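Chemist: Input: one structure, supplied below.
The values are calculated or read from the model by the stated rules, or taken from the named source; none is laboratory data. Everything quoted here is computed from the prediction, not taken from an experiment. Virtual Cβ from ideal backbone geometry, glycine too; neighbours counted across all protein chains shown.
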Amino acid sequence: MITAVIFDLDGLLADTESLHLEAYQQVLVDYGIQIREEEYAAWWIRDGKGIRDYITARQLPFNSDEIRRKKTAVYNTLVSAKAEPMPGALELLRRISPHKRLALATSSYAESVTLVLSRLRIAHYFEVVATRESAKKAKPSPDIFLSAAAELGLPPAQCLVLEDAEKGVLAAAEAGMKCIAVPNRFTGNSDFSRATAMVASLDDVTIELIDSLG
């Protein structure tokens with residue numbers, strides 16, 4: 001039986017992937033690097049890699065920690081100004097919160113997560129919030145989902161994950177959790193073969209669907 005739903009944040013509940021991309025573009029242009037949307041979607045969202053991996057793979061002579069700090073500052077400013085929920089996100093939280101325990105598990109860092117949750121006014125829905133600091137490895141490692149389940153005091157089999165990205169679906173599967181994939185414009189061409197189910201939008205996620213997967 002599914003007793004808890006664990007949500008991803010960026011691209012699933014919060015329309016923030018475009019803000020992450022915009023922040024990287026603003027910062028990296030000063031280093032002579034141009035990031036295209038397709039490249040960001042493949043490297044950051046699908047594969048779950050970060051700026052350190054990007055710099056190392058390309059053997060670029062830049063300090064990845066410095067770039068990440070600058071990017072975080074720009075991103076947080078963008079979030080405070082214009083972050084919005086994904087279509088159907090607020091309605092979904094209202095719809096299922098009376099019936100299931102809710103948790104959040106995101107590879108983003110706590111500072112930025114707190115800003116997004118505050119901007120969208122949804123922090124109160126989540127009994128547990130697991131961030132990048134909560135796990136040794138980011139998605140597609142299962143660590144973040146296992147951490148959330150442990151904080152809930154539940155076995156993985158009682159947790160259902162909602163994800164928009166291939167790396168998250170893989171992480172959920174490795175954690176032994178059922179998963180519903182909800183693709184967005186960045187992830188529509190990803191491989192969701194390990195998802196338990198896939199829907200076109202958050203509007204399609206119902207209590208009946210969740211219970212049918214348990």
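Here is a yes/no grid of residues against (1) under 19 Å from the mean Cα position of the chain (by Cα); (2) surrounded by 13 or more Cβ atoms within 10 Å (Cβ to Cβ); (3) in the same structural domain as VAL29 (by TED's automatic domain parsing); (4) more than 25 Å from ALA171 (Cα to Cα):
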site: ASP53; (1), (2), (3), (4): yes, yes, yes, no
site: GLN59; (1), (2), (3), (4): no, no, yes, yes
site: GLY88; (1), (2), (3), (4): yes, yes, no, no
site: ALA103; (1), (2), (3), (4): yes, yes, no, no
site: THR106; (1), (2), (3), (4): yes, yes, no, no
site: ALA110; (1), (2), (3), (4): yes, yes, no, no
site: LEU115; (1), (2), (3), (4): yes, yes, no, no
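Quick grid of which residues meet (1) without any contact (Cβ under 8 Å) to a residue 60 or more places away in the chain; (2) buried (at least 21 other Cβ atoms within 10 Å of the Cβ); (3) of a type outside the set (Lys, Arg); (4) outside the structural domain of TRP44 (by TED's automatic domain parsing):
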| position | (1), (2), (3), (4) |
| --- | --- |
| GLU133 | yes, no, yes, yes |
| LYS137 | yes, no, no, yes |
| ALA150 | yes, no, yes, yes |
| LEU162 | no, yes, yes, yes |
| LYS167 | no, yes, no, yes |
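Chemist: Same structure again: When both residues are 6+ apart or on different chains and their Cβ atoms are under 8 Å apart, which pairs have a first residue that lies in segment 29-51 and is outside the structural domain of SER141 (by TED's automatic domain parsing), and a second that is of a type in the set (D, E, K, R) and part of a loop (DSSP other than H, G, I, E, B)?
Modeler: Note: pairs meeting the criteria are TRP43/LYS49; GLY48/LYS139.
Chemist: Against the definition (touching a Leu at 6+ places or on another chain (Cβ under 8 Å), at negative phi and surrounded by fewer than 21 Cβ atoms within 10 Å (Cβ to Cβ)), how does ALA123 come out, yes or no?
Modeler: yes
Chemist: While we're on this one: Any residue at all in segment 125-134 that is under 30 Å from ASP65 (Cβ atoms), in contact with a Ser or Thr (Cβ under 8 Å, 6 or more places away or on another chain) and basic (Lys, Arg)?
Modeler: Within segment 125-134, one or more residues are under 30 Å from ASP65 (Cβ atoms), in contact with a Ser or Thr (Cβ under 8 Å, 6 or more places away or on another chain) and basic (Lys, Arg).
Chemist: Please find, among VAL5, VAL79, VAL74, the residue that is crowded, with 20+ Cβ neighbours inside 10 Å, modelled with pLDDT of 95 or more, within 20 Å of the chain's Cα centre (by Cα) and in a helix (DSSP H, G or I).
Modeler: VAL79
Chemist: So, in segment 25-45, of the ones that are assigned to a loop (DSSP other than H, G, I, E, B) and of a type in the set (A, V, I, L, M), which residue ends up farthest from GLN59 (Cα to Cα)?
Modeler: Filtering segment 25-45 for residues that are assigned to a loop (DSSP other than H, G, I, E, B) and of a type in the set (A, V, I, L, M), the one farthest from GLN59 (Cα to Cα) comes out as ILE35.
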